[in-house]
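One structure below.
The values are calculated or read from the model by the stated rules, or taken from the named source; none is laboratory data. Values in this document were obtained by computation on a predicted structure and should not be read as measured data. All Cβ positions, glycine included, derive from the backbone under ideal geometry; neighbour counts span all protein chains shown.
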């Protein structure tokens with residue numbers, strides 16, 4: 001392979017239940033020992049490729065080019081590129097094989113911190129490593145100090161403004177208040193399943209309707225999804241309940257409420273499987289995993305791994321494979 005200058009495209013799985021990945025095996029020969037070996041490099045699938053849409057830089061004569069940079073803006077960017085060019089002594093140090101893998105560098109820094117500070121906490125070790133990353137990723141202060149006029153020109157021509165990231169506000173309530181909400185919600189749920197009662201007025205005695213039947217929560221969900229658009233309404237309702245709960249500060253009462261919501265999700269999931277429905281529920285779990293507003297509840301689901309997407313072995317129409325469903329709550 002080395003003499004023919006070819007590489008092998010292979011399939012790779014970490015274990016029997018993990019999904020297949022594409023890798024390339026590249027032939028190499030060690031310079032000191034002369035040993036031949038293959039180096040693996042992960043390759044993306046077509047689904048992993050993301051295309052970015054950029055504004056057009058060329059327009060027809062009758063079109064108005066709102067994104068076209070001015071001459072002053074182009075000049076400012078050219079000056080910035082010129083001042084960031086590497087010096088000759090810096091270029092000479094960038095020889096082939098002279099730069100280590102950044103991932104390995106961070107691992108070495110972390111191990112060094114463990115050896116030099118054996119009694120320190122894991123958090124302090126991580127902070128020490130993050131400080132090194134911040135220094136590496138930060139803009140070169142030397143360039144900014146030597147060419148302040150260029151940055152002033154950039155700020156003037158592009159009207160640069162700092163972006164303030166808005167933080168989602170959390171509602172603060174006392175544990176007693178939240179416990180009361182849980183009790184009211186549980187009591188309301190029980191009252192919905194109890195038979196209706198009527199008052200005869202004269203004897204002030206309550207009589208039960210003869211044909212009243214107590215419904216379980218699973219039967220209630222079954223009745224709801226049989227209606228037109230019922231599956232979407234069931235998912236929207238539980239999503240709204242989860243969203244409202246995630247606004248509270250984490251405490252013991254919130255954890256208990258999360259447990260009730262996880263049980264509710266499992267009931268909904270079982271009903272969907274019995275009725276051969278999957279799309280609405282799988283979309284619900286995707287929102288819980290991807291959107292930041294549901295992060296506290298998603299952490300609970302990720303730890304328990306008790307509520308996975310409905311896979312193709314349960315509902316044939318599902319586009320989620322058994323392996324992907326099992327690894328749904330794994331970190332990306």
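Flag set for residue 285, criterion: crowded, with 16+ Cβ neighbours inside 10 Å and either over 19 Å from the mean Cα position of the chain (by Cα) or closer than 26 Å to residue 15 by Cβ (or both). For residue 193, the conditions (1) modelled with pLDDT of 80 or more; (2) more than 22 Å from the chain's Cα centre (by Cα) all hold with the exception of (1).
For residue 8, the criteria (1) out of contact with any strand residue (DSSP E or B) (no Cβ under 8 Å at 6 or more places or on another chain); (2) at pLDDT 85 or above hold in every case but one, which is (1).
Identify, by number, the condition in (1) at pLDDT below 70; (2) over 28 Å from the mean Cα position of the chain (by Cα) that residue 136 doesn't meet. Residue 136 satisfies every listed condition except (2). Can you confirm whether residue 35 is out of contact with any helix residue (DSSP H, G or I) (no Cβ under 8 Å at 6 or more places or on another chain), over 30 Å from residue 155 (Cβ atoms), in the same structural domain as residue 156 (by TED's automatic domain parsing) and modelled with pLDDT of 85 or more? No, not satisfied.
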